[in-house]
Amino acid sequence: MEPAQIQPKLSRCAILFVDLRGYTTICEGLHPNDVAVLLDQFYGVIGKAVHAYGGRVQNLAGDAVMAVFDRGALSNDADGQCAVESGRHMIESFLAVGAQWESAHGVATGIGVGIHLGMVTESELGPPTLRRPTLVGDTVNVAARLCHRARAGEVLFSAEVATELSEHANLGVVALPNFNLRGRSAPVRIYCIPAPERPDPSQ
C-alpha cells in the first residue's frame, strides 16, 4: 500500500534563502572531502540561526538553504521580523567561520540572504520514490532571486517583510531601488541590511 500523500496546504509565511559566495571557486581549489567539512560547518551556522528564531530548514541544495518562518498563532512575533533577525544572525555568526576558512584554506567567502513574505502552497512533489513536502509559489521565487542578488554579508528583503519590522529593531535598514525580476511583470520594492564587513568587494 502506498503511503498517503500530503494534501496541498495554502499558508502565509516568510521564506528565507541563504547561500555561499565563491562556492564554485572553493570546490575548484579544495578536495571534495574538505568541501564537505566546510559545508557541514556552514549548515551548522545556518541551522542554529534558523531555529533560534522559530523557523525550520525546508531544503538543502549544495551551498544553498531554504528556510521557512510560519509560526503564526503560535507566537506573537511576526514571521517577517523573525526571518530578518535570523538572517542578520547568520551573517554575524558566519564572519568568524569565514575568517577561519580564509586562514586555513586561503578562500575569501561570505553569505548572502534573501527574504520574501506571502502565500505559498505546500505539497508533496517529486518522482514516486522520492516525494517530499515542497513549497511553491511566487513568494519562493522572489526570495530566491533576492538571495541571488544579495552581496556577501547582505540581507535583502521585500517591502512585505519590511512592514512587519519593529520600529525599535535597530537593524540599520536601507531602502534600495525597485528590483525588476526577469519574467515577473511587477518590480519588487526591496530593503537591505548592509554588510558589517565584506571579504571581497567583488562578491
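Summary of values
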| read-out | value |
| --- | --- |
| The lone exception for residue 137 - which of (1) modelled with pLDDT of 90 or more; (2) touching a Gly at 6+ places or on another chain (Cβ under 9 Å) it fails | (1) |
| Answer from 54, 47, 87 - the residue that is outside any strand (DSSP E or B), under 11 Å from residue 14 (Cβ atoms), under 13 Å from the mean Cα position of the chain (by Cα) and modelled with pLDDT of 90 or more | 87 |
| Candidate set from region 23-44 (those that are assigned to a helix (DSSP H, G or I) and of a type in the set (A, V, I, L, M, F, W, C)); member that is surrounded by the fewest Cβ atoms within 10 Å (Cβ to Cβ) | 36 |
| Any hit, region 122-134, residues being modelled with pLDDT of 90 or more and under 18 Å from the mean Cα position of the chain (by Cα) | no |
| Output for region 27-44, where each listed residue is within 12 Å of residue 109 (Cβ to Cβ), in contact (Cβ under 8 Å) with a residue 40 or more places away in the chain and over 20 Å from the mean Cα position of the chain (by Cα) | 29, 30 |
| Some residue of region 123-141 being farther than 24 Å from residue 37 by Cβ, surrounded by fewer than 15 Cβ atoms within 10 Å (Cβ to Cβ) and β-branched (Val, Ile, Thr) | yes |
| Residue 172 under 17 Å from residue 83 (Cβ atoms) and among the small types (Gly, Ala, Ser) | yes |
| Within region 106-143, tally of residues that are part of a helix (DSSP H, G or I) and either in contact with an Asp or Glu (Cβ under 7 Å, 6 or more places away or on another chain) or of a type in the set (S, T, N, Q) (or both) | 2 |
| Subset of region 145-154 [assigned to a helix (DSSP H, G or I) and surrounded by 18 or more Cβ atoms within 10 Å (Cβ to Cβ)] | 145, 146, 147 |
| In region 185-195, residue surrounded by the most Cβ atoms within 10 Å (Cβ to Cβ) [restricted to those that are over 18 Å from residue 82 (Cα atoms) and without any contact (Cβ under 8 Å) to a residue 40 or more places away in the chain] | 189 |
| Single match in 157, 94, 179 (criterion: surrounded by fewer than 23 Cβ atoms within 10 Å (Cβ to Cβ), among the aromatic types (Phe, Trp, Tyr) and either at pLDDT 90 or above or under 19 Å from the mean Cα position of the chain (by Cα) (or both)) | 179 |
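The values are calculated or read from the model by the stated rules, or taken from the named source; none is laboratory data. None of these values were measured; they are calculated from a predicted model. A quick note on method: Cβ atoms are made from the backbone with ideal geometry, for glycine too, and the neighbour counts reach across all protein chains shown.
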